[in-house]
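Enquirer: Structure incoming, see below.
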Amino acid sequence: MTTGQLIKNLRIKKGMTQEELAGKTNLSVRTIQRIEKGKVDPRAYTLQIIAAALEVDFELLNNRKTSTTIEFRKKKKIWLPILHLSGLFLLFIPPLIIWIWGKNRVEKMREHGIDVINFQLSMLLIMIPSGILAFLIITIPIIVFIGIFSTIIILINTIRVINNQPYKYPVLIKFLKQ
């Protein structure tokens, strides 16, 4: 049931006409009609006014998921796996860009971004001394191992995030705090 259908059902249950609801909310009758038909998705302030007029809790109307809201949330779900996969470049710049863009837009992006960036910085901190010491034969396998290790960890965590499972980065220096 959409928010508009819920509002219509509550209004009818109260024995109110669209005109009466419009009068109590200082909204136009046309606006009430468009909301009830699902042609517009009302903003939170409008829902608060309507909830007060219908004498129901605002959360009842605010938590309703319209088809647009569901579609938007599906699109947002893709960003967490992309954030984790962006770490495959062994640079912290791609995850940083995605994190900055989405930390206030995508649910849990802030926490995931901090973990991904901390992991990238940790791997970078390990690889820099290995790269400097690359003239020694032993450090080349270490660099290869670190690359394979971080790739496997990133892929495992991406799959876990896609499946809504908890993820863990085993080698993690907390450069950024939660």
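Enquirer: Of everything in region 30-43, what is among the β-branched types (Val, Ile, Thr) and modelled with pLDDT under 90? Give them in sequence order.
Expert: The initial filter retains those residues of region 30-43 that are among the β-branched types (Val, Ile, Thr), namely 31-32, 35, 40.
Answer for region 30-43, where residues must be among the β-branched types (Val, Ile, Thr) and modelled with pLDDT under 90: just VAL40.
Yes/no matrix, rows are residues, columns are (1) modelled with pLDDT under 90; (2) hydrophobic (A, V, I, L, M, F, W, C); (3) over 30 Å from ASN104 (Cβ atoms); (4) assigned by TED's automatic domain parsing to the domain that holds ILE156:
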position: ILE7; (1), (2), (3), (4): no, yes, no, no
position: GLU19; (1), (2), (3), (4): no, no, yes, no
position: GLY23; (1), (2), (3), (4): no, no, yes, no
position: SER28; (1), (2), (3), (4): no, no, yes, no
position: TYR45; (1), (2), (3), (4): yes, no, no, no
position: ALA53; (1), (2), (3), (4): no, yes, yes, no
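Enquirer: For region 37-54, how many residues are among the basic types (Lys, Arg) and over 14 Å from LEU6 (Cβ atoms)? Talk me through it step by step, then tell me what you get.
Expert: Initial filter on region 37-54 (among the basic types (Lys, Arg)): 37, 39, 43.
Okay, now just the ones that are also over 14 Å from LEU6 (Cβ atoms), so 39, 43.
Matching residues across region 37-54 total 2.
Residues checked against (1) outside the structural domain of LEU85 (by TED's automatic domain parsing); (2) surrounded by 14 or more Cβ atoms within 10 Å (Cβ to Cβ); (3) more than 30 Å from LYS77 (Cβ to Cβ); (4) among the acidic types (Asp, Glu):
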| site | (1), (2), (3), (4) |
| --- | --- |
| GLY102 | no, yes, no, no |
| ARG105 | no, no, no, no |
| MET109 | no, yes, no, no |
| HIS112 | no, yes, no, no |
| ILE117 | no, yes, no, no |
| MET123 | no, yes, no, no |
| PRO129 | no, no, yes, no |
| THR151 | no, no, no, no |
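Enquirer: Of all residues in region 77-119, how many are under 17 Å from ASN163 (Cβ atoms), among the basic types (Lys, Arg) and assigned to a helix (DSSP H, G or I)?
Expert: Of the residues in region 77-119, 1 are under 17 Å from ASN163 (Cβ atoms), among the basic types (Lys, Arg) and assigned to a helix (DSSP H, G or I).
The values are calculated or read from the model by the stated rules, or taken from the named source; none is laboratory data. From a predicted model like this one, the values you see are computed outputs, not experimental measurements. Backbone-built Cβ (ideal geometry, glycine too); neighbour counts: all protein chains shown.
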